[in-house]
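Notes follow once the structure below has been shown.
Read the figures in this text as sums done on the coordinates, not as results from a lab. Just so you know, these numbers come straight off a predicted model, no measurement behind them. Ideal geometry is used to build each Cβ from the backbone, glycine not excepted, and the neighbour counts take in all protein chains shown.
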């Protein structure tokens, strides 16, 4: 009897002065599948998701990282989540076409899927419940306009591209290229590198002569931003060329403060993680959600780095898992 009374009382809440009985909510197990576990970005996504799970109540975050950063490994992780029968899957697809297959399989088994960070083939609100992330093309365009302004609309610009079919990165590069095309006095040189820092450092050093001639540089990815910084230091060029990077790893922020980087395009990965988990939980609990949730971006410079808004981004703790 005591257990029964305790259970009943635990469901009582006070609403407008009236005690109301509320049935306890079913526990939800939500799997989050990032692209990899390296970099501050994904760690911050996890922080936001865990904060959201605590705030929403009775939600378990299952963090499932592919063993390798490739499509087959990520598909395997997604299928494992389906086999386990999780309540929902939050996925940052490495490749927009191939990952559509396990997503369709999950939906067929009544497991809702939310896409974040990179777009997936299909329609948000139909083939998957929602997309949470930035407008990557707009982010690339912002970087392009800022760099063009720093250069006075002329000069030689090097863009270190990423040799990976990730929609988010491709869109950033597309937005940047479209802006560069508007400036007739800007000469663009681009080169591809892999997704790891070591590979990108090697590729950057291979074009040392081009870097020595460059007036501006743009990197569209956290790892290539860190790699280019290393390469510029090795070549004695850090701080001598206008350099815009992507995301806010600690070493890049320090380089920005010291004048080695001119600006960083900053996302809010913690907010992305929080809004992703919130949208999934709301959907599972019968609430209507928007098919597109834009988390926006900001240009971080030495002039605005101490503003409360930017400091909030930079002060976020990370979780190692």
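At-a-glance table
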| quantity | calculated |
| --- | --- |
| In degrees, nearest ten, helix 269-284 long axis to first principal axis of the chain (Cα) | 30 degrees |
| Theoretical gain in end-to-end length, residue 288 to residue 163 [0.36 nm per residue, Cα-Cα removed] | 41.2 nm |
| 185, 247 arranged by Cβ crowding within 10 Å, fewest neighbours leading | 185, 247 |
| Rg/Rg_globular for the chain, with Rg_globular taken as 2.2 N^0.38 Å and Rg from C-alpha atoms | 1.12 |
| Gain upon complete extension [residue 181, residue 254; 0.36 nm per residue less C-alpha separation] | 23.2 nm |
| For region 77-94 and region 281-318, distance of Cα centres in Å | 24 Å |
| Spin-label model distance (nm) - residue 209 vs residue 126, 7 Å beyond Cα toward Cβ | 5.1 nm |
| Acute angle (nearest 10 degrees) that the helix 136-151 long axis makes with the longest principal axis of the chain, alpha-carbon atoms | 30 degrees |
| Shape parameters for region 136-266, alpha-carbon atoms, Rg then Dmax in Å | 12.9, 35 |
| Largest-first principal axis extents, alpha carbons of region 168-232, Å | 33, 29, 14 |
| Residue order, fewest to most surrounding Cβ atoms within 10 angstrom, among 169, 248 | 169, 248 |
| Label-point gap, in nm, between residue 76 and residue 296 - each point 7 angstrom along Cα→Cβ | 4.1 nm |
| Label-point gap, in nm, between residue 234 and residue 98 - each point 7 angstrom along Cα→Cβ | 2.9 nm |
| Fewest-first sequence of 41, 246 by Cβ atoms within 10 Å of each Cβ | 41, 246 |
